[in-house]
Amino acid sequence: MKKRIVAVVISIVLALGVSGCGGGNSSNKTLYEQGLEVISLMEEMASSDTYLKIYSVSSEIQDIMRTAGEGDFSEPKAIYRVATSEETLLGLAEITGSEAPEGLSDTLKDYVQSRMNGAIINQINAMGGATTLAAANICTGGKTFVSDELTEDVIYLYTYESAVPVAISFAVGEDGAVSATGNFILYEGFNVDTEQEIKDFFEEFSVKVEAITK
């Protein structure tokens, strides 16, 4: 049992390390299109028995991701822009039962703020339990590219008729660099049938949600 727990932890660490893979390149592709490329990579991860067995020895985790990979990701039903605010860090601290961010130094607070989008998505998957969170993390995909379209960190939420939602977290870097990290949202209590349901769910996170066009 201990070996399995250790293996799951290692798989999560490896997956997080892989999430930033992808060379930087200048492109005329929109953020929406860049997100679709990350989703395509994630779909391949979830559909590959070889990949899943490399990153997890748990048959339960493998089965969760195989099921997710069987979804139809060919055409999003809707896309939403999820933007954090100054209150988001306070809201996340309250949800997780951690100390208020006032206890952090300015340097550490800035670092935490820069990773806020990923923390929100992980918190959602964690609502489904440790196994759900571990499954989502082994199929985290990512890439880096150059774009002048992004001015602040943001999440694009892609929803589908017959597939689990996918969150792509875009982070602004130096000299126009952008990193995109994708996560499947596997928590079954996350309802994305309507824009209002999504807004209601994210209300406690103090974020702004708006539908966007492709």
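Read-outs throughout are calculated quantities, based only on the coordinates presented, and are distinct from any laboratory measurement. Keep in mind it's a predicted model, so treat the numbers as computed, not measured. With ideal geometry, Cβ positions are generated from the backbone for all residues, glycine too; neighbour counts draw on all protein chains shown.
Overview of results
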quantity: Estimated FRET transfer efficiency (residue 194, residue 32; beta-carbon r; R0 22 Å; 0.05); calculated: 0.60
quantity: Region 31-211: radius of gyration over Cα atoms, expressed as a fraction of 2.2 N^0.38 Å; calculated: 1.02
quantity: Percentage relative contact order, region 31-211, counting C-alpha pairs under 8 Å, at least six apart; calculated: 30
quantity: Cα-Cα over 26 Å, subset of 53/214; 53/143; 143/199; 77/143; calculated: 53/214; 143/199
quantity: Cβ-based net charge around residue 193, under 14 Å, with every Lys or Arg adding one and every Asp or Glu removing one; calculated: -3
